[in-house]
Amino acid sequence: MTSSDGTSYDVVDPATEQVVTTVPLAGVPETDAAVARARRAFDTWRHVAPADRGRLLRRFAEVVDAHVEELARLEVRNSGHTIGNARWEAGNVRDVLTYYSAAPERLFGRQIPVAGGVDITFHEPLGVVGVIVPWNFPMPIAGWAFAPALAAGNTVVLKPAELTPLTAIRLGELALEAGLPEDVFTVLPGKGSVVGRRLVEHPDVRKIVFTGSTEVGKGVMAGCAAQVKRVTLELGGKSANVVFADADLEKAAASAPSAVFDNAGQDCCARSRILVQRSAYDRFMELLEPAVTGFRVEDPSLDTAQMGPLISRAQWDRVASYVPDGAPVAFRGTAPDGPGFWFPPTVLAPVDPRDRAVTEEIFGPVVAVVPFEDEDDAVRIANQGEYGLSGSIWTRDLGRALRVSRGIEAGNLSVNSNSSVRYSTPFGGFKQSGLGRELGPDALHSFTDEKNVFLATEG
């Protein structure tokens, strides 16, 4: 692709600060042209037999599988992800494609009993779907949208983040290699303020899937409202990791660092608040310190790396603002010196509950530890703030686990675990963490309109 106005972006390796490549950025003319092509392709793609559509998606998954290592190595340079994480991310695209390749033949309508005839429903594809992807997980978040959208019979125009377009571009190439028809799946690098905005405003784009900040998501939602355009939003988070005194404290403390420092904390589901029952607080902190100081922050291409750098200098500055001189740093890990946007894993305690490090999404490897008294106090603290995306509860008491899970206002909770995402289960947020659900068996429904047809059988 060439840009109509000659604009481009230098993709920088976050671990070295060296330019990896330069990518031309699309403008409004290229966006309009891509949407027009996708609209024409929709007229054909929607009529591809469900079994054939499924076979093409399975072939896409097979081609991705053959390129997992290539995609992973590219993501290490593109995003600074550890090679272990990047391999999982590429594999997740493969697995999500495989999962939804079975969906076209299972997109069932219903027969509803009525008087005087037969009533049936159909799930009709929407048309062109615009997908706007963030820089923190470029591959999996893209796949969570384009796989079910394509399975439902839609065409997709995907805009990757300016910082991290390379793996998305490669996935677009692999889709063609797998045999997907031209213009069914288009990857269009560009600025959010240009390409993203145009996708939101374009009348032929029938749905937007946006993952990013709550502030930008509100603007996307407002733009979609002007056309009554469907929208799915996965936005910010400030998830709580709630540890009760009866929990397996050793396991909870050992797993807490990866729950917040994975991907250098650049994760909407990061457990960036650890809430610990006061009677277990001192023991938990004793166990947490070696887990944090031993967390391996190093060259992300090494198999031993547990954490890489932040994505950019601007993000480093943002994270550093939450740990000013005099901040209550209980302990911190280490990070490499020299080039790269490195930030050491940092634990803040004791922290004033009103401190911005406790209330705001940091999006970096900084966690605040806060004590609580009992179940009600834990739920109250966990529910403070505007977010409700994910979280964890550590306890041996099954009744407590269920009570607290029902009490915490979040879309994805794990008990004695820090997992947030499985492609076979729904994912999304409460409150200002988002709108709608991705993944799981029902994801296709959000990419369709339900049509009702009545056939008279009397008279």
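Per-structure values
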{"read-out": "In the range 166-231, GluC sites (Glu not before Pro) in a DSSP loop with at most 15 other beta-carbon atoms within 10 Å", "value": "GLU182"}
{"read-out": "Shape call, the chain: gyration tensor on alpha carbons, a/c limit 1.5", "value": "oblate"}
{"read-out": "Formal net charge of residues neighbouring LEU287 (Cβ-Cβ distance under 14 Å; K, R +1; D, E -1)", "value": "-3"}
{"read-out": "Reference-scaled alpha-carbon Rg (2.2 N^0.38 Å with N residues) for the range 250-294", "value": "1.14"}
{"read-out": "Top positive-direction residue, dipole computed over the chain with Cβ charges, set LEU158, THR21, LEU171", "value": "LEU158"}
{"read-out": "Shape of the range 241-316, Cα gyration tensor, a/c cut at 1.5", "value": "prolate"}
{"read-out": "Probe 1.4 Å, protein heavy atoms only - accessible area per residue of the chain in square angstrom", "value": "41 Å²"}
{"read-out": "The range 1-97: C-alpha pair distances exceeding 15 Å, %", "value": "73 percent"}
{"read-out": "Per-q log10 I(q)/I(0), the range 42-181, q = 0.12, 0.15, 0.22 Å⁻¹ (Debye; single scatterer per alpha-carbon; no solvent)", "value": "-0.50, -0.71, -1.31"}
{"read-out": "Neighbour-limited loop hits for GluC sites (Glu not before Pro), the range 1-74 (at most 14 other Cβ within 10 Å; DSSP other than H, G, I, E, B)", "value": "GLU17"}
{"read-out": "Accessible surface of the chain [probe 1.4 Å, protein heavy atoms]: carbon and sulfur percent", "value": "52 percent"}
{"read-out": "Gain on full stretching of the segment that runs from GLU177 to GLU386 - 0.36 nm per residue minus C-alpha separation", "value": "70.9 nm"}
{"read-out": "Inter-label distance, nm, simple model (7 Å from Cα along the C-beta direction), LEU402/THR334", "value": "4.8 nm"}
{"read-out": "Point-to-point label distance, ALA222-ILE120, nm (Cα→Cβ direction, 7 Å offset)", "value": "4.5 nm"}
{"read-out": "Computed accessible area, HIS67, all protein chains, 1.4 angstrom probe, square angstrom", "value": "40 Å²"}
{"read-out": "Folded to 0 to 90 degrees: helix 138-151 orientation relative to the chain principal axis, Cα", "value": "30 degrees"}
{"read-out": "Under 13 Å, Cβ to Cβ, from SER312 - net charge with Lys/Arg +1 and Asp/Glu -1", "value": "-3"}
{"read-out": "Charge sum, other residues only, whose C-beta stays under 12 Å from PHE261's C-beta, Lys/Arg counted +1 and Asp/Glu -1", "value": "+1"}
{"read-out": "Links that overshoot a 28 Å alpha carbon limit, given the list LYS251/LYS431; LYS159/LYS451; LYS191/LYS218; LYS431/LYS451; LYS229/LYS451; LYS191/LYS451", "value": "LYS251/LYS431; LYS159/LYS451; LYS431/LYS451; LYS191/LYS451"}
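The values are calculated or read from the model by the stated rules, or taken from the named source; none is laboratory data. Note that this is a predicted model, so its numbers are computed, not measured. Glycine also receives a Cβ, built like all others from the backbone with ideal geometry; neighbour counts cover every protein chain displayed. With ligands, DNA and RNA removed, areas are computed over all heavy atoms of the protein, side chains included. Shrake-Rupley method; radii C 1.70, N 1.55, O 1.52, S 1.80 Å.
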